[in-house]
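Here's the structure we're looking at; comments come further down.
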Amino acid sequence: MIQVSVRLFASLREAVGQKELARQVQEGSTISDLLGALMREYPRLAQAARRTHTAVNHQYVPVETVLRDGDEVALFPPVSGGAVP
């Protein structure tokens, strides 16, 4: 098992009720695996996390990224508003 911290922003934070979580995941787990586990634990997160942007250690990464011990995972909802060109 490895330990990661999860930072949640905007509607994702509201869906969970916390801005930061600590989680243990299996070695070889991806961000997608982590998101699935969080959605099972926090059902309200499923709708809020449909098009989540993800970062690990301050760099945007795809959900297929494999997590490492001590990683900080940040989850951002898509930005809304603005005009469509």
Kindly indicate the residue of the stretch 21-47 that is loosely packed, with under 12 Cβ neighbours inside 10 Å and at pLDDT 95 or above and also nearest to the chain's Cα centre (by Cα) among those meeting that condition. 22
Which pairs have Cβ atoms under 6 Å, sit 6 or more apart or on different chains, and link a residue in the stretch 15-27 that is over 20 Å from residue 47 (Cβ atoms) and free of Cβ contacts under 8 Å to residues at least 40 places away in the same chain to one that is of a type outside the set (A, V, I, L, M, F, W, C) and assigned to a strand (DSSP E or B)? 20/7; 22/5; 24/3
Filter the stretch 7-22 down to residues that are in contact with a helix residue (DSSP H, G or I) (Cβ under 7 Å, 6 or more places away or on another chain) and within 19 Å of residue 62 (Cβ to Cβ), then give me how many there are. 2
Answer yes if at least one residue in the stretch 18-27 is assigned to a loop (DSSP other than H, G, I, E, B), out of contact with any Lys or Arg (no Cβ under 9 Å at 6 or more places or on another chain) and of a type in the set (Lys, Arg), and no otherwise. no
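Select from the stretch 52-68 the residues that are in a loop (DSSP other than H, G, I, E, B), on the phi < 0 side of the Ramachandran plot and polar (S, T, N, Q) and write down the one among them that is modelled with the lowest pLDDT.
Filtering first and then ranking leaves 52.
The values are calculated or read from the model by the stated rules, or taken from the named source; none is laboratory data. Computed from a predicted structure; not experimentally measured. FYI the Cβ positions are ideal-geometry reconstructions off the backbone, even for glycines, and counts take in every protein chain you see.
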